[in-house]
Amino acid sequence: MQVQLKKGVMDMLVLALLTQNDRYGYEIVSKISEYIELSEGTIYPLFNRLKKEKYVETYLLESQTGPSRKYYKITPNGTVAYNQMRQEWDGFSGVVDMLLKGVD
Amino acid sequence: MNKQEFLNTLRIIFKKANVLDVESIIDVYEEHFAVGYEKGLDDEQIIKSLGTPKEIYTSYVEAGIITDEIGQEGTKRTVNMQAIYKRLEDYKALLLPQLPGVAKKASHTLLTVASALTYIVGVLLFIVTPAILFLLSGSWQPLANVTPLPAVSIVTMAGIAGLGLFGGLTCIYAGSELNNVCKR
């Protein structure tokens, strides 16, 4: 899949995963790369940006098995942004699907 | 490549780009490795899934977290050159009107100094020549056990005296000339 196409939805996917529960970086990254083929290392800067935009917050949590992990938590701002992105996405993808089905 | 090499390469790339908080970025990947180990992965597998350091750097630039200093270097240099040229022009505009004044002042100072020096040399000649003549006229013996200087013929003495006299006069005359020039 084209890189540009992936990037557009990446923010939404990260926020979507965080609406379920707080997660640490590796968890989000590996979850996304399970479905979408891309270099895992390139997802991390999105967290920085989401944090800068105050869509997510971070906190450290000790892990029983290893060093402490940085957890990401969606903020109310982030939820609002996510809902908007989701709405736009649903609308857009619905239209695209409809068009494509008409062609097929 | 192992974890350390990977992180070092990453560190170097970010540092080259003058990124301020490189370690906070590196920390994120440290954690990624740590969790990867817990999942039973080794360095090679983790690095393969992470992507290349260059790719990671680019992703930070594209996410707007850092600005691409490396990429912009070319343009930055041009901008700098333009700024320097402009500054040069500013200096020129500032200095050129002052230049005649500065030159006049410099030549005035130079002439004054030269005139004073010539005066001093002239006066010194007047003082030193008689002293030399006096020393040469007697059989001067500075130290008791050293042979005295040989007596000098009257012609040589007259020559030295003339040299001193006219040299001194010339110098003093030249000094006054210079002084006049710089007063003009």
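The values are calculated or read from the model by the stated rules, or taken from the named source; none is laboratory data. What you are looking at is a predicted structure, and each value in this text was computed from that prediction instead of being measured. All Cβ positions, even for glycine, are placed from backbone atoms using ideal geometry, and neighbour counts span all protein chains on display. Note: accessible area is taken over every heavy atom of the protein model, side chains too, but ligands, DNA and RNA are not part of it. Shrake-Rupley method; radii C 1.70, N 1.55, O 1.52, S 1.80 Å.
So, in nm, how far is label B:Thr170 from label A:Val103 when the simple model puts each one 7 Å beyond its Cα toward the Cβ?
Those two pseudo-labels are separated by 10.3 nm.
Normalized C-alpha radius of gyration of chain B, against 2.2 N^0.38 Å?
Against the compact-globule rule of thumb, the ratio is 2.54.
Looking at the P(r) of the protein assembly as shown, how many percent of alpha-carbon pairs lie beyond 28 Å?
Result for the distance tail: 64 percent.
Inside 10 Å of the C-beta atoms of A:30-42, what's the mean count of C-beta atoms belonging to other chains?
4
Stokes-Einstein D for the range A:25-98 at 10 °C, 1.306 mPa s, Kirkwood Rh over Cα pairs, in µm²/s?
111
Would you check the accessible area of A:Leu60, probe 1.4 Å, heavy atoms only, in square angstrom rounded to 10?
Answer for A:Leu60: close to 120 Å² accessible.
Kindly sort B:Ile160, B:Ile12, B:Ile66 by accessible area of their heavy atoms, largest first, with the probe set to 1.4 Å.
Of B:Ile160, B:Ile12, B:Ile66, the descending order of accessible area is B:Ile12, B:Ile160, B:Ile66.
Add -39500 (n - 2.57) for each DSSP H run of 4 or more in chain B, then divide by its residues: what number comes out at 222 nm, to the nearest 500 deg cm²/dmol?
-27500 deg cm²/dmol
So what is the relative contact order for chain B, in percent, with contacts set as C-alpha pairs under 8 Å and at least six apart?
21
Any idea how far apart B:Val123 and A:Ile36 come out in nm if each label point goes 7 Å out from Cα toward Cβ?
Rounded to a tenth, the inter-label distance reads 9.2 nm.
Return one number: the angle in degrees, 0 to 90 and rounded to the nearest 10, between the long axis of the Cα atoms of helix B:22-38 and the longest principal axis of the Cα atoms of chain B.
So the inclination is approximately 30 degrees.
Tilt of helix A:3-20 relative to the longest C-alpha principal axis of chain A, in degrees (0 to 90, nearest 10)?
60
Sketch the reach of a paramagnetic label on B:Asp27 as a point 7 Å from Cα along Cα-to-Cβ, and name the residues of the range A:41-59 whose backbone nitrogen lies under 12 Å away.
Under 12 Å, as judged by backbone N against the label point of B:Asp27, lie A:58-59 of the range A:41-59.
On alpha-carbon atoms, Rg over Rh for the range B:30-71 using Kirkwood Rh?
That ratio is 1.11, to two decimals.
Determine, from the Cβ-Cβ distance of B:Lys104 and B:Ile160 and an R0 of 45 Å, the FRET efficiency 1/(1 + (r/R0)^6), rounded to the nearest 0.05.
That pair, B:Lys104 with B:Ile160, gives E of 0.60.
Using Cα atoms only, what is the angle between the long axis of helix A:25-35 and the major principal axis of chain A, expressed in degrees (0 to 90) to the nearest 10?
Between the helix axis and the principal axis of chain A, the angle is about 30 degrees.
Residue by residue through B:25-33, how many Cβ atoms from other chains fall within 10 Å of the Cβ on average?
That average works out to 4.
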